[in-house]
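Rule-based calculations on the coordinates, nothing more; no lab input. Source: prediction; values computed, not measured. A quick note on method: Cβ atoms are made from the backbone with ideal geometry, for glycine too, and the neighbour counts reach across all protein chains shown.
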Amino acid sequence: MSEPLIFEYESVARVGFAPEAAGESNLPEDALRTDELVMPRASELEVVRHFTRLSQLNFSIDTQFYPLGSCTMKYNPRVCNRVAMLPQNLARHPLGPVEHGQGFLQTMYELQEMLQAVTGMKAVSLTPMAGAQGEFAGVAMIRAYHQRRGDHERVQIIVPDAAHGTNPATATMCGCDVVEIPTGDDGDIDLDRLRAVVGPQTAGIMLTNPSTLGVFERQIAEIAAIVHEAGGLLYYDGANLNAILGKTLPGDMGFDVVHMNLHKTFSTPHGGGGPGSGAVGVSERLEPFLPVPFVQKEGNLYTWATEADYPHSIGRLSAFMGNAGVLLRAYVYMRMLGRKGMERVSDFAVLNANYLMASLAEAGFELAFPERRASHEFIISLKQIQRDTGVTAMDFAKALLDYGFHAPTTYFPLLVPECLLIEPTETESRHALDGFVAAMVSIKEMAYADADQVKQAPLTMPVRRLDDVRAAKHPDLVWTPGTAT
Amino acid sequence: MSEVPDSFLYTKDHEWLRLNDDGSITVGISDHAQEALGELVFVEVPEVGDTLSAGDACAVVESVKAASDIYCPLEGEVVETNAALADAPELVNSSPYEDGWVFRMNPENATALDEFMDADAYGRHLAELED
Amino acid sequence: MPFIPHTETDIENMLARIGVGEISDLFDEIPPDLRIAGLDGIGPALSEAEISRFMQQRARADGEPLCFLGAGAYDHYVPAAVWDIATRGEFYSAYTPYQAEASQGTLQVIYEFQTMLASLTDLDVSNASLYDGATAFAEACLMAVRANRKNKSRRILVPRSLSPVYRSVARAILGGQKIELVELAMLDGRTDTAALADDVGEGFAAIAIQNPSFLGTLEDVDTLTDWAHDKGALVIGVANPMALALLKPPGQWGQKGADIACGEGQPMGIPLSSGGPYFGYMVCRQDIVRQMPGRIVGRTIDLEGKPGFTLTLQAREQHIRRSRATSNICTNQGLMATAATIYMSLLGATGLRQVARSCNANTNALVTRLTSLPGMSRAFTTPFFHEVVLLLDRPVAGVLSGLSAQGIIGGYDLTDDYPELGNALLVCATETRGAADIESYANAMSDLFEVAA
């Protein structure tokens, strides 16, 4: 079942979306283009059918279980979308007068406060448009802090070897050098190595807690002490906040700056690759450097804090104020959950993960950290299965699709060979989890019985496995008229 | 077990060096490296005339799942690059020590070759990595 | 309890399998002195009905004033089908298309999106979107420095007529990598080409040209492009995609065309939305594609020879290259790119041209009507697309305030960003601001002036 490209239709396109113009157009001739645009020529019905049918080729949370580790694929409540798409919310121009935006600004202010409360940080800026931008803001603030104190040699950022790729990429973007430290077999960072690398060149350390290995970094207080004593600051990657919501605060752990992924923990939609939101929270000493704008309150009036109010701000990361629609959705979600609801999120995210881990262990799968509690996610290694049968983590991922499950995260973190990083989230029922375990068991049995069958998967999807090498060597990235299909 | 020709020298980053009669050095990546990367889709070569220091990342080999830097082993100037790799990067996979050579350079200091591993030493290095 | 489906029986069975007595036992690895009793500062839960009503009240209180403000975000009519389809669960709640076989819908949409952007800009390869126009501009600057291997300069020439906030965001993002932005002088609202030769100094890696400029004017794109190429620099074209329905695209500027095009995609089907999410776009020449950040979708075939789509050239990205990545970008603006693709499909080339022409026509009408009022005049003679700078005989802030009280957002106050212009106001009329709206604006403005007089 494959869908033609939208360019292959040859109908009369519907026009007339705009009313009659009030005047005449008078652009100079030499400024105009004279070529034909490559745009679809399809009727409205053809367009609607085309994109509706394309949507049906996708997996999504609304249709399948998505146990992707580190992504927190929980249910996206529909009311969040309804509120974000209220006509006044959609019609508001970001540069409009604040008198016409008090309701919106108050909502943003309250969101800032709620995010401060769940992280234990002093102040929050909502402007970063994704986790990676939040990371950029965090590292940039750390650098700005040191530079303002005249500490110009502090250019090194320490990153665990298991860190998400955005961490070292961000450090480089900020003009820092990256120093990697190893993780031990028990999942905690090697403290001796940490002590060996900190010094007067240390700007800070970037950590996730629970870590990307799915376990709580038990020595966090000691890590914070070591880094702070050396004069560095601590950055918290909030990707795994779902595991600890309402149980502990990054601020209490000693972190100086935190980014949150609203499209993970606070359930805003993943949208096929964004938009996300990477709000960033800081302790008091980093407050002067917060990216602008953010909302401040003057008496009863809500206004935007700008560079004029915060001259040491690291500046603007967005043309406007960040992904407002995403922020509205997160706000609605947080208000619906309330205090008890948020505390229950981590209860059930962690319950589901530990149950799934126990079930898979019982079924004979190898846990990466069998002695540790799962946080909201855990890792299994398929290395033995691969040695015995040749079937890899990638093959399992493809086979799961035939059972109607999106694969867990594969091959991340890089430390564990043939790994699957599994995060069920709190919105999945026990029934869904049992179904996933049954599918995994089935695939394992097939791997030992007839490995080739597994290696042929997926068999029931719109396409079989795709030729990645061809896609990279002979890139076909744009359709051109006259191309055979 | 990957191939490790006797006549070459090796670095711990899996590059090989061949000393040519005219004193220039040809550089490529080892059989072990090409196998780990998988089928190459692109090779970024340095520019002829570039002056490089030892340890400079001067080329990139890219497969679907990984992109690795090739580090310049010695200080010197690039005098030739393998033009065939533009259309056929997979030559590095099929013939890593011959047709898949990446670049050739004139070293500043010819005696600095002592610090590299010979075939036996590299073979032992690979064996250690397997564990 | 919203969204958590577990029954008491479920919980009992699950705890039994795990081998603990209570859920709280599962948190025993967290050091006790780090445990909190609960979340302070978070209020009680609201039902869906309560939060809906509450948010509707807040939205209504803000009203829906008539908008003549552009300055980087534009009010275009978005056909109903666009968001009906874009918010289908299969698009809305889908993940990034890493497992290609489960994401052919999203991947094909992006491939179609890439094709449309490549055509609009007349360059070779587009990515799947970046966060917004300002960050796309910053990324384009980074890319130009990386890609210009002959020229080791880390300076980028940026016109004064290019969006001040884009320049600000670029400085924030580029500062850590020691890339310097050098301003080019303005004359009659656009880059002063006569002043160009003076600026070369120690060389530059690229020039950025925004057309139409932030001030709405049409730049002399050919002269600027050829001059920069002559000096061994790359050309970054920053362009409103709606304008590209009519105007000569970056790929056709000068003799050789721009090297990178980027900008804000919001005009293509994304409502103003209080500031976001929007999307940035970036398109480049084929030979520098490996320097381009962001995801890219390619078409290939599967095991049975059937065509399919997949993410490709991923080796540039953070999850593989880590500290050597072209950018740290991971999540982008997938849903917005999806909506834009549907929007462009519904309008087609003819529809887009019609909208663009309407914008120009309505802005002409707006300018004519407003400059007929005493104390209002045009700042520049340079031709414009759909935004114009007007000069007022009194401070802009007071005028905007007065208009706001009458339910009209009059435009963007340029006083802070361009003090040399005096009392300058940037006004915009899209296809949605017709004759009646323009009349309302003019009347409100005259009322204000009468009151003052």
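Per-residue 3J(HN,Hα) values for region A:335-340, derived from phi via the Karplus relation 6.51 cos²θ - 1.76 cosθ + 1.60 with θ = phi - 60°, read 5, 5, 6, x, 4, 5 Hz in sequence order (x marks Gly and Pro).
Spherically averaged projected area of the convex hull of Cα atoms, the protein assembly as shown: 41.4 nm².
Local charge sum around A:Pro97 (other residues, Cβ-Cβ under 14 Å, Lys/Arg +1, Asp/Glu -1)? Result for the local shell: -3. When you filter the trypsin sites (Lys or Arg not before Pro) in region C:70-176 for DSSP loop state and at most 14 other Cβ atoms inside 10 Å of their Cβ, you are left with C:Arg149, C:Lys150, C:Lys152. Of all segments of chain C bounded by GluC sites (Glu not before Pro) found in a DSSP loop with no more than 16 other C-beta atoms within 10 Å, the longest spans C:30-201. Residues whose amide H lies under 5 Å from that of C:Gly43, counting only those 5 or more places away or on a different chain, are A:Arg339; hydrogens are built 1.01 Å from N in the peptide plane.
Could you work out the equivalent-ellipsoid semi-axes for region C:48-191, taking the square root of 5 times each eigenvalue of the Cα gyration tensor, largest first, in whole Å? Don't skip to the answer; put the middle values down first.
On the way: eigenvalues 241, 132, 52 Å².
Each semi-axis is √(5λ); the values are 35, 26, 16 Å.
Per residue, the convex hull around the alpha carbon atoms of region C:105-259 comes to 110 Å³.
Working note: 222 nm ellipticity from helices only, DSSP H runs with n ≥ 4, each -39,500 (n - 2.57), summed and divided by the residues of chain A, gives -11500 deg cm²/dmol to the nearest 500. Counting charges near A:Asn209 (Lys, Arg +1; Asp, Glu -1) among other residues having Cβ under 9 Å from its Cβ returns a value of -2. Calculated from the alpha-carbon coordinates, chain C shows an Rg and a Dmax of 25.5, 82 Å respectively.
What the Cα atoms of region A:79-336 give is an Rg and a Dmax of 18.1, 57 Å. Between the helical axis of C:334-371 and the dominant principal axis of chain C, each derived from Cα atoms, what acute angle in degrees is found, rounded to the nearest 10? Helix C:334-371 sits at roughly 30 degrees to that axis. Straight-line reach from C:Lys231: taking Cα to Cα under 27 Å and skipping same-chain neighbours fewer than 8 places apart, the lysines in range are C:Lys150, C:Lys152, C:Lys178, C:Lys248, C:Lys256.
The amide H of C:Glu180, built 1.01 Å from its N in the peptide plane, has C:Arg155, C:Ile156 as neighbours under 5 Å, considering only residues 5 or more places off or on other chains.
Give me a comma-separated list of calculated 3J(HN,Hα) values for region A:191-197, in order, Karplus coefficients 6.51, -1.76, 1.60 applied at θ = phi - 60°, integers in Hz, x for any Gly or Pro. Running phi through 6.51 cos²θ - 1.76 cosθ + 1.60 with θ = phi - 60° gives 5, 5, 5, 4, 4, 6, 9 Hz. When both region C:45-105 and region C:135-197 are represented by their alpha-carbon centers, they are found 33 Å apart.
Taken as Cα centroids, region B:92-129 and region A:198-227 sit 38 Å apart, rounded to the nearest whole angstrom. Using just its DSSP H runs of length 4 or more, each adding -39500 (n - 2.57), chain C gives a mean residue ellipticity at 222 nm of -11500 deg cm²/dmol after division by all residues.
By the rule of a C-alpha distance below 15 Å, with chain neighbours fewer than 8 residues away ignored, the aspartates and glutamates paired with A:Lys383 are A:Glu366, A:Asp395, A:Glu418, B:Glu130, B:Asp131.
Size descriptors for region A:390-485: radius of gyration and Dmax over Cα atoms are 16.6, 52 Å. Roughly what angle does helix C:48-62 make with the longest principal axis of chain C, taking Cα atoms, 0 to 90 degrees, to the nearest 10? Once rounded, one gets 10 degrees.
Under Stokes-Einstein, with the Kirkwood radius over Cα pairs standing in for Rh, what whole-number D in µm²/s applies to region C:262-317 at 20 °C and 1.002 mPa s? Could you put the intermediate results ahead of the total?
On the way: Rh = 13.9 Å.
For these conditions, the coefficient is 154 µm²/s.
Amide H to amide H distances under 5 Å link B:Val41 with B:Glu62, B:Ser63, B:Val64, where only residues 5 or more positions off or on other chains count and H is placed in the peptide plane. In order along region A:445-451, the phi-based Karplus estimate (6.51 cos²θ - 1.76 cosθ + 1.60, θ = phi - 60°) of 3J(HN,Hα) comes to 4, 5, 4, 7, 7, 7, 3 Hz; Gly and Pro are listed as x. What number comes out for the charge environment of A:Ser267, summing +1 per Lys or Arg and -1 per Asp or Glu over other residues with Cβ under 15 Å away? Net charge in that neighbourhood comes out at +2. Averaging 1/r over every pair of different alpha carbons in region C:80-342 and inverting the result gives a Kirkwood radius of 18.7 Å.
Cα centroids of region A:10-80 and region A:146-184: 40 Å apart. Take the Kirkwood radius over Cα pairs of chain B, plug it into Stokes-Einstein at 20 °C and 1.002 mPa s, and you get 146 µm²/s for translational diffusion.
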